[in-house]
1. Report the extension gain between GLN302 and ASP166 in nm, rounded to one decimal, defined as 0.36 nm multiplied by the number of residues separating them, less their alpha carbon distance.
2. Taking every DSSP beta bridge that has both residues in the chain, what percent is antiparallel when rounded to the nearest 5?
3. Could you give the nm distance between label points at LYS174 and HIS99, where each point is 7 Å from its Cα heading toward the beta carbon?
4. Between GLU314 and GLN133, how many nm apart are label points set 7 Å from Cα along the C-beta direction?
5. Could you list TYR439, TYR279, TYR260 in order of exposure, starting from the residue whose Cβ has the fewest other Cβ atoms within 10 Å?
6. By count of other Cβ within 10 Å, fewest leading, how are HIS351, HIS422 ordered?
7. Going through the DSSP H helices of the chain, which span 24 Å or more along their own axis at the Cα atoms while scoring at least -1.0 as a mean Kyte-Doolittle hydropathy?
8. What nm value, rounded to one decimal, do you get for the distance between ARG363 and TYR187 when each label is placed 7 Å out toward the C-beta?
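Every number in this text was worked out from the coordinates using simple rules, so none of it is lab data. As the structure is a prediction and not an experimental result, all values here were calculated from the model. Because the Cβ atoms are built from the backbone with ideal geometry, glycine has one as well, and the counts that use them run over all protein chains shown.
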Amino acid sequence: MKITIIGSGYVGLVTGACLSEFGFYVTCVDKDEKKISLLSQSIVSLYEPGLNVMIANNLAKGRLSFVTNIQSAIKKADIVFIAVGTPSSLESGQADLSHVYSVAEDIALAIEKYTVIVTKSTVPVGTGKKIAQLVRQKCPDAEFDIVSNPEFLREGSAIEDFMKPDRVVIGTEKELARPIDIMREVYRPLSAETPVIFTSLETAELIKYASNTFLATKLAFINEIADLCEKCGADVQSVAKGMGLDKRIGERFLNAGTNYGGSCLPKDNLALIQTAKNYGLEVSIIDAVVKSNNRRKKIISQKIIAGCGGNVEEKTICILGVTIKPNTDDMRDAPSLDIISSLIKAGSKIHVCDPQGEKEGRRMLPSEVKWFECPYKAMTKADAVVIMTEWNEFRALDFDKMRELLNRLCMIDLRNIYLPSHMQDQGFDYISVGRPSVYGNVAV
C-alpha cells in the first residue's frame, strides 16, 4: 500500500515516519523546497524526541521519501492524508481552511484511480463533506472516498502516542466497506487492544474538537482552584490528587500552573466557539474557558512581580523554560510570550535558558531578552529565578551554586517542581502555584 501525506509539518512528519515504520511506502509532500531538501538528508528542523532517528532509518530502507511534486505523489497513492495547517483567523477565531481546500483541488486534478482521501488536519464539522463536493466538482469521474482520521498527538511524546494510542477515530461518509477495510489495514499493526472507533465524518471531526476543549477546561478549572487554594490555605496538588482518584474525573490535566498554550488548545477552543455560532448556538462553558485562560496570563505576571517585592524595574529575572512544555521546541501561543513581554514592559531585564526553545524564542520574544545555554549563567546576578517550563534539567538545581550567583534567593516555581518545606530549609523565598509560599523562612 502506498501512502501520500500532504504537509510536512509536525503532524505530517510524525504520521509519515510512523506509517513507514509500520512497513508502508510513504511519500511526504511539501511546497517548501528547502524543507524537503533537508528532510531528504534526515535533517529535521523541529524537535520531537526520536523523530529524526525514525526518519533516517526509514529513508535508508527506502520506505519514506520527501518530494515537492504533489501531482505525481497523488497519482501513485492508494491513500492521501491531508495534514496541512488550519490556523485561527485573527478576527473571528474561525479555522482557516484555505490550505485544506487548496490541497483538495490538487487531489482532484491528479487523481487517476480509486483513492481514500483522509483529513488528518484538525478541521471543523462539515469540512469532510465540503472536500468531497470540491473534488467531485473539479473531477466528476474521480473514484474516491473521504475519511476523517483526527490526530491526538502530544508534543514531546508524539511517536508513543501514534504507536500506542488511547484510540483511533475513523469517520466516513456512510458505512462504506471499502474505505473502512483500507483504514483497518493502515492501523492493523497497532496493538489488538487499541480501540478503533468507526463513525460518521461529522462525529469524527467533532470528537477532536470536543476532546481538546475538554482538556482546556480541566486546565483552566484547576488553575482557578489553585487561586482559591492560595487564598484559603489549601494545597492544590492534594486537591487535584483527591479529585483525580475519582474515576469519573481522572488525574491527568489537573496540574496547576500557567495558562495553556500551544498549537492546538487555543485555536481549537476558538474554532469550536465559531462553529457553534455558525449553527446558531452558544457554548458558554468553552467561552468562559477562553476568558479564564486569557486572565491567567495577567495573574501569573502579577505573581512574578509580587514575588519580586512588588516592583521589577531594573531587576534581572532568570526564566527557566519558555516552550509550551518539555521535550518540544514549540513556542506557539506559549505562556512565556505574554508573560515575558509584560515583565519587560514593567522594567525588568530578562535572562532565558531553554534546552530547545532558543531558535523559535529569538524570533518570537522581544529582542531585549538575553539567551544562555547554561541555567547557572542565566542566573548570574539575577534577582529571581522563574521556572516556567518543567524541563528535566531544572528538576535538581544546585542550590549551593545558586546561592553564589543570585542577588536574592528567590524562586517562583510555576510548575510546582519543588517542595515548599525543602525550599524553606534552603533559605529561599519560594512562591509556587496553589500552595503555601515561603518568605524569609516563614510560610505564608
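1. Details: separation 136, 0.36 × 136 = 48.96 nm, distance 3.80 nm.
Going from the current span to full extension adds 45.2 nm.
2. 10
3. 3.3
4. Between GLU314 and GLN133, the simple spin-label model gives 6.4 nm.
5. On the way: TYR439 14, TYR279 8, TYR260 25.
Placing the least packed residue first, the sequence is TYR279, TYR439, TYR260.
6. Numbers: HIS351 22, HIS422 12.
The order, fewest Cβ neighbours first, is HIS422, HIS351.
7. Numbers: long enough: 201-232 (47 Å, 0.37); 284-307 (34 Å, -0.10).
Span-like helices in the chain: 201-232, 284-307.
8. Reported label-point gap for ARG363 and TYR187 is 3.3 nm.
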